[in-house]
Every structure is written in structure tokens, then in C-alpha cells.
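What follows is a single structure, written as C-alpha cells, with notes after it.
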Amino acid sequence: MYNPFSLQGKTVLVTGASSGIGQQIAISVTKMGAKVVITARNKERLLATYEQLVAEGHQWVLADLAKEEEIKNLVNAVPKLDGVVHSAGIIQPFPIKFLKKKNFEPIQSINYNAILLLTAALLSNKKINRQASFVFLSSIASQYPYKGAATYASTKAAIEAFAKVLAVEHSSKGIRSNCLSPGMVKTAMYEQTEQAVGAKKMSAYIEQYPLGVGTPEDIANATIFLLSDASKWINGITIRLDGGLLAGMH
Amino acid sequence: MQLTELVQKIAEEFEDTPKEQITAITKLKDLEEWSSMHALIIIALIDNHYDIILTGEEMIDAQTPTDIYNIILQKQANK
């Protein structure tokens, strides 16, 4: 059957695979035929993801990407890759005038530093095949932020720029690098945000989405596209996934 | 931590409201100056000064500085 979105024969690393969007991406790409290496900090939850992967030959590696040593171990453990999906990310609203290193460093460390260090280590250890595809999870907050998002939104904006630099530096080998920029998706992070802002405010926000709140599957499907050869002419872009939220006035 | 100290810190975050108008039993959300930003500010203030993280739901339920004070005490006791 004609299927340009097939991931058969590809090996893909997925970070943040123990929950939410990362977990769904890991499961979905195995449904499309890829072998995956999944990584996260929490063993119990990572194994729960592993159990849901389709077919055989997958691998899981525990790693706290805030620690350079653990990034090194992860890179040593992975085979040569045809795709890397960076989904690991954390969120903690904080108004600018109260920002202190202790509030923003943990977020920077996972949302930004880890991506740079892991990408550098994968490339320098020759773990990235020709024609490989990098997919980074940004957020609509990078372009359309909300109050309290200083660290989260700015790390995501930084990653969008980083992804373009990666695209520019490695396109001669057919290596591609793109971002996905989702709006509100129903995950544990959604629950966390709901807790932070209150249920009433959250539902008022969700009402603004013409196509409703997103699902992890919506993001996983776009990831499949960017990992597959169907997108082989797409490099250095950010795809916004927001149920039409930012299309115009509603 | 003293309640008066907390009231004072919260009052400092309302720039357009006279300090004496904010007491331990003031319903903060009834203040004309109240905005969604103040909820974030109070959460951050408490995190920075008392190392306690209030959730948004707790901030919604809390009406007065005394309510907030009691949540902090309870969370400190459970630490």
C-alpha cells in the first residue's frame, strides 16, 4: 500500500516519553513501523510507556537530562538514529519581577540546556544517520505568551531558533530539523496548568479554541509526518498546532 | 512567619491601593486593583519568602491574607 508516512526501518529517540505528548509520540511512531529508544526520569512511568509500544526491538533508557553525565550515558546507549524527538519539558509560571535563578534554572536546564547538550553529543558521537529528522516540541507560548510564562516561553522561543541553526548546519547530509508548536493539549501538563490557574479560567481559555482542546494524538500525527520521508523537503520550520486558535478573530 | 508580616508583603504588591486598606481580613479579590496577575504575584511572593508553593486552586479558594497565612502554616507543618 502507498504510504509516504511509513517509519519502517527508522530508529527514533523520544525524550520525555513517560507522559503526555512524548508518551503518545513514542507509541504512535511504533505503530508506523519505527523502532524507538524512549527516555525519561521516572522508571515506573517509562516502563508503562514501554508496555504500550507496538512490535519488538525497542529500548528504554532512564535519564535525567538535567545531568550531563546522564546525557552521556544515554548517548552511549542509543544506536544510530534516523529521528530524534525532544518532548521533555517542564512548566512553572512565575511573574518576571520575582524571577530568581532558583526558579528559572531548573526550567532552563530541561527545556533548553538539555536539548543543546544532547543534540551536540548525538552529533559528535556520530549517532545521527544521513537523512535523519529532528523534531523539537515548542509551544504557541513562544510567539503568543501568557502572564507568568517568562521562562517557559523564552526557552521555547530559543529552541525554535536553535532548530533552525541545526537545519542550516546539517542540511548537507540531508539531516532536517523542525519544531512543532502546540496550543493547549490534554495531558498531565494541562491538569497542572488547570491547577495553577483554576478550572474556571482554564475552561474560559479552552472555549477560545475553535476546534477544541488538542489531544496527544494530534501532536503525534504531526511528528510522524516530520519524521517520515513525506516531509523530506521541509527543513527549519515550525508547525503550529492550535485548533485554529490563532487563525484570526473568533 | 507572622501574619502582620505577610499582610504587609501582600499590601506592597498593590501599588494603587492605600496600605491601610489592606488588612488580615480584606477580601483581596474585591479590591478594585485586583487582577489575574496578583494571583501569580502572591504565589511567587510566598514561594520566594517562605519556600511554599500555593496552587492556583488554593489561591482561588483563599479570600483574605489570613486564609493565605493558614494555608502556608498548614503546608509548612506537612513539609
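For the stretch A:107-180, trypsin sites (Lys or Arg not before Pro) meeting the loop criterion (DSSP other than H, G, I, E, B) and having at most 11 other Cβ atoms within 10 Å: A:Lys126.
Taken residue by residue and averaged, Cβ atoms of other chains lying within 10 Å of the Cβ of B:24-37 number 1.
Here the Karplus curve 6.51 cos²θ - 1.76 cosθ + 1.60, taken at θ = phi - 60°, turns the phi angles of the stretch A:210-225 into couplings of x, 9, x, 6, x, 10, x, 4, 4, 6, 5, 5, 5, 5, 4, 4 Hz, with x standing for Gly and Pro. List the relative contact order of the stretch B:3-78 as a percent without decimals, with contacts defined as Cα pairs under 8 Å and 6+ residues apart. Value for the stretch B:3-78: 34 percent. For chain B, the average shadow cast by the Cα convex hull is 4.6 nm², which is a quarter of the hull's surface.
The coefficient of translational diffusion for the stretch A:39-120, derived via Stokes-Einstein from the alpha carbon Kirkwood radius under 25 °C and 0.890 mPa s, stands at 170 µm²/s. Per-residue mean of foreign Cβ neighbours for B:8-16 is 0 (Cβ atoms of other chains, 10 Å radius). Computed from backbone phi, the HN-Hα couplings of the stretch A:49-54 come to 5, 4, 4, 8, 6, 8 Hz, rounded to whole numbers (Karplus: 6.51 cos²θ - 1.76 cosθ + 1.60, θ = phi - 60°; Gly and Pro given as x).
Restricting the GluC sites (Glu not before Pro) of the stretch A:185-250 to loop positions (DSSP other than H, G, I, E, B) with no more than 11 neighbouring Cβ atoms within 10 Å leaves A:Glu207. From its DSSP helices (H runs of at least four residues, each -39,500 (n - 2.57)), chain B gives a residue-normalised ellipticity at 222 nm of -17500 deg cm²/dmol. The string of couplings for the stretch B:12-20 from the Karplus curve (6.51, -1.76, 1.60, θ = phi - 60°) is 4, 7, 9, 6, 9, 9, x, 3, 5 Hz, one whole number per residue in order, with x for Gly and Pro. Kirkwood hydrodynamic radius (Cα pairs, Å) of the protein assembly as shown? Computed over Cα pairs of the protein assembly as shown, the Kirkwood hydrodynamic radius comes out at 21.4 Å.
For each pair in A:Lys35/A:Lys126; A:Lys156/B:Lys79; A:Lys147/B:Lys27; A:Lys31/A:Lys127; A:Lys80/A:Lys173; A:Lys43/A:Lys72, compute the distance between the two Cα atoms and list the pairs where it is over 21 Å. Correct reply: A:Lys156/B:Lys79; A:Lys147/B:Lys27; A:Lys31/A:Lys127.
Centre-to-centre, using Cα atoms only, the stretch A:56-95 and the stretch B:22-63 are separated by 36 Å. Annotation for the stretch A:1-67: GluC sites (Glu not before Pro) lying in DSSP loop with at most 14 further Cβ atoms inside 10 Å of their Cβ are A:Glu56.
We did not get these values from a lab; they are worked out from the coordinates using the rules stated. Not measured: the values here are computed from a predicted model. Quick reminder, even Gly has a Cβ in these numbers, built from the backbone with ideal geometry, and neighbours come from all protein chains shown.
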